[in-house]
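Rule-based calculations on the coordinates, nothing more; no lab input. Since the model is a prediction, treat every value here as computed from it, not as a measurement. Note that each Cβ is placed from the backbone with ideal geometry, even for glycine, and that neighbours are counted across all protein chains shown.
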Amino acid sequence: MATMAVAQRNYHRPRLVAAQLLSVALPGAFALFSHGGLEYGVMAVGALVLTFMIWRTALAHCLDVQEGIRKDQALNAQNQRFDAALNNMAQGLCMFDGDGRLLVCNRKYIELYGFSDDVVRPGIEFIDLLRHSVEVGNHSVADFDPLHDKFVEKMVSCESSTFLNELNDGRTIALSHQVMSSGGWVTTHEDVTERRHAEARIAHMARHDALTDLPNRAFFQERLREALVRIPARKQVAVLCLDLDRFKPVNDTLGHSVGDSILQQVAERLKECVRENDTVARIGGDEFAIIQSATFQPEAGKALAERIVSALGEPFYVGNQQISIGASVGISLGPQDSLDANQLLVNADLALYQAKAQGRGRYSFFVPAMDQQMQARRELEEDLRRAVVNGEFEVFYQPVINTHNEKIASFEALLRWNHPSKGMILPGNFIAAAEDIGLIVPVGEWTLRQACLEAAAWPKNIGISVNLSPIQFRVGGDLVRSVADALVVSGIDPERLEFEITEGVLLDETLETQTILGELRKLGVRFALDDFGTGYSSLSYLRSFPFNRIKIDQSFIRDIDTRSHALSIIRAVADLGTNLGMSITAEGIETAEQLEHVRSEGCSQAQGYHVGLPMDAEATSRLLEKSFPADDREAA
Ligand code: C2E
Ligand code: MG
Ligand code: MG
């Protein structure tokens, strides 16, 4: 025992144990040998053998003790490493035994939930841990039972799973739960709030327009499909497509930041026009669409369209600028017009097209005939493109006479389309389409050049008037260049060339339009305000731009015979024009009486079927030869 104790005490120094044993045994053995005699010799040897065996036993025990200590140390080191790993994890971790008692958890777990170290210790039961979670405010008291049931269901289930734990402070913790073979479970906890927010932001961005935060086209169609599936019996869903009337010129001239601000204000006004469960979306640049959710009243769509037209008809303010935009609306109804989301949108778009064709600030319901009209329109546009390539256009000329001597003063160039199968088509049937697809620009350029070239062969005192479309003013300096080219190529005096423009050109009053008009004026050409009296505020345009001539619209001339005040209007316009230094032409003179009337009311020039029909270039030359024989021309 004593030697064991010695070995235990000196376990890590076996040599010391040997030295201690020998220091006890050797003197005894030496004394016995020195005594002499066989029995003392045997006793001495026995003592040495016994000492040796004790030393061997002590040595074996010493090794055992050393081994045990080494194992303890290794286990300790491993535990420390395990603790370090556990506490340095980015995720929270906890482990429960089969009875639902906490075996181990890391620091992150305690921190993630704001638990108290004193409460959350190994041995705590799962249900108490959940109570503590409620105490520290992660969940409300009312959530306790449902949460408990949910957790228990997940934890005791044998399947591993991942689920989300929403905390009261708005954070979301993702829990991954793994069942252990020993019967307990281990769960990792990760704060995924940021990631979830980022995912939600990306998902939102994919379905919303960045500028207005309204649903985009894809999301709109998704919602429309859902709405169409759910329409209750005898109810309907209305789809409204709307387009801002004067947005493009505002955006082009006042800049994109002003345009952006207007689009945002439009979005706000639209949201105010609809009910909570309706959808307002931005489906294109200045195009918006609305789903008016199921309603019993067929008039609901009409009422909403009226609200929108009126709300967007009010002026917008950006900085201290007041801007008028206005909107047109097309409406289609499901299931009446279609139950297909795409088709309903197409139908609403067709109705919108119709509304815009009727003028600004209108709304229109889809009717099946619009489909055919659109088909016809597409064919017309195709035909027009071909006509430009094939040169199917021709310019006709209609004389304008001086009322005092009834001599020809000028001709108005009027475009004709010699369609290969439909015959001659008048401009009223194709100019609008050519404007819509931009073809009016090359067609207008061609007309101008052709008219100038023909006019070059006429007497030098005969003017030529060419109509200009508002669209020709929207494409930068091209118009100025083409006018200058036409003058150079034909060699006519710029004073002979007059452009007829309608209020439509001046309506937007953009800086660009004014610049173009100014540059054209510098070239020495003249301007006439065409169709005077058919617009809204002609008088203000007369003040803002120095026209050389006013052409009174033919509707006033027609009214002379039936309405007494028509003559007074003609007289007032003639007086006003004369005072402003502008000459007055009466359009649409069909009878000698009308000619007499306009002459006596002060119109200096007249144009109309009574004066002369529009005719081709050859007939024009013949008329001029007859009216101005060669001798007279020389004189002119
Ligand atoms: P506008 O400039 O007012 O031209 C006068 C229109 O009245 C012409 O119709 C002419 O034929 C018609 N007209 C002339 N006298 C009488 C009359 O006594 N009674 C009646 N009822 N009508 C008369 P047209 O040639 O069909 O042209 C229609 C419109 O098309 C023109 O109206 C003009 O705005 C536009 N247009 C014609 N040619 C061109 C062109 O080359 N470029 C552009 N942008 N527009 C053009
Ligand atoms: Mg005209
Ligand atoms: Mg006219």
Phi angles of the range 238-253, converted by Karplus (6.51 cos²θ - 1.76 cosθ + 1.60, θ = phi - 60°) into ³J(HN,Hα) in whole Hz with x for Gly and Pro, give 9, 10, 10, 10, 9, 10, 6, 6, 10, 6, 4, x, 5, 5, 5, 9
In degrees rounded to 10, the 0-90 angle between helix 369-390 Cα long axis and the longest Cα principal axis of the chain is 70 degrees
Amide H contacts under 5 Å for LEU103, restricted to residues at least 5 apart in sequence or on another chain and with H modeled in the peptide plane, are MET95, PHE96, ASP97, GLY123
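Report relative contact order for the range 92-196 in percent, whole number only (criteria: Cα-Cα under 8 Å, sequence separation at least 6).
Values: 166 pairs, mean separation 28.5, N = 105.
Contact order relative to length: 27 percent.
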Tilt, helix 38-87 to longest principal axis of the chain (alpha-carbon atoms), in degrees rounded to tens, equals 20 degrees
XL table LYS407/LYS460; LYS248/LYS271; LYS235/LYS271; LYS356/LYS551; Cα-Cα > 19 Å flagged, in table order, is LYS248/LYS271; LYS235/LYS271; LYS356/LYS551
Karplus ³J(HN,Hα) for the range 564-571 (6.51 cos²θ - 1.76 cosθ + 1.60, θ = phi - 60°; Hz, whole; x = Gly/Pro) runs 5, 6, 4, 5, 4, 5, 4, 5
Checking rank on 285-291, 582-588, 65-71, with mean other Cβ inside 10 Å and highest first, the result is 582-588, 285-291, 65-71
Rounded to the nearest 10 degrees, the helix 193-207 long axis (Cα) sits at an angle to the longest Cα principal axis of the chain of 20 degrees
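Specify whether the C-alpha gyration tensor of the range 174-313 places it in the rounded, prolate or oblate class, a ≥ b ≥ c being the square roots of the eigenvalues: rounded for a/c under 1.5, otherwise prolate if a/b is larger than b/c and oblate if not.
Oblate, since a/c reaches 1.5 and b/c is not below a/b.
Going by average Cβ neighbours within 10 Å, how do the peptides 340-353, 199-212, 379-392 rank, with the highest at the top?
Peptide ranking by packing, descending: 340-353, 379-392, 199-212.
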Of all DSSP beta bridges with both partners in the chain, the antiparallel percent, nearest 5, is 70 percent
Once phi for every residue in the range 451-461 is put through the Karplus expression 6.51 cos²θ - 1.76 cosθ + 1.60 (θ = phi - 60°), the whole-Hz ³J(HN,Hα) values, with Gly and Pro written as x, are 4, 5, 5, 5, 5, 4, 8, 8, x, 6, 9
Scoring the range 377-635 by relative contact order with C-alpha pairs under 8 Å, at least six apart, yields a percentage of 19 percent
By the mean-Cβ-within-10 Å protection proxy, highest first, 555-568, 479-492 rank as 479-492, 555-568
